[in-house]
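First comes the structure, then the notes that go with it.
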Amino acid sequence: MTLMAAIAHRCACGHLDFFHSSVTGACTTEGCLCQTVNAGPPEVIPTWRSDGTPTGPTVEEPAVIAPGTRGAGMGGLCGCDACQTLYASVSGNAA
Ligand SMILES: [Zn+2]
Ligand SMILES: [Zn+2]
Ligand SMILES: [Zn+2]
């Protein structure tokens, strides 16, 4: 599989928003004491799938996973307006 990218918010604790529990809001990263998501503006996070070759051809515009997508191997992605706006600008597919 080729390089992929996703959009996520980075919490003040340094971990991405989907590492935080959707129930309690606490960070699930081992050793992190963050108890509440304090997410900044969304950013594009490069991601890779583990079921592909790491030395595949480079693509100039890695596909960005649509905001709100679930089951991408990263839990559920945020689909808020800020993420949608960023997605539109980076994907070149502004509605
Ligand atoms: Zn956090
Ligand atoms: Zn954390
Ligand atoms: Zn968002």
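The values are calculated or read from the model by the stated rules, or taken from the named source; none is laboratory data. Quantities reported herein were computed from a predicted structural model and do not represent experimental measurements. Note: ideal-geometry Cβ built from the backbone for every residue, glycine included; neighbour counts use all protein chains shown.
Of the listed requirements (1) at pLDDT 85 or above; (2) of a type in the set (Val, Ile, Thr); (3) more than 14 Å from ligand 3 (Cβ to nearest atom), residue 45 misses just one: (3). Select from segment 1-38 the residues that are among the hydroxyl-bearing types (Ser, Thr, Tyr) and under 16 Å from residue 77 (Cα atoms) and write down the one among them that is farthest from ligand 2 (Cβ to nearest atom). Checked segment 1-38; the qualifying residue farthest from ligand 2 (Cβ to nearest atom) is 22. Among the residues of segment 1-15, those that are out of contact with any Asp or Glu (no Cβ under 9 Å at 6 or more places or on another chain) and surrounded by 13 or more Cβ atoms within 10 Å (Cβ to Cβ) comprise 2, 3, 4, 5, 6, 13, 15.
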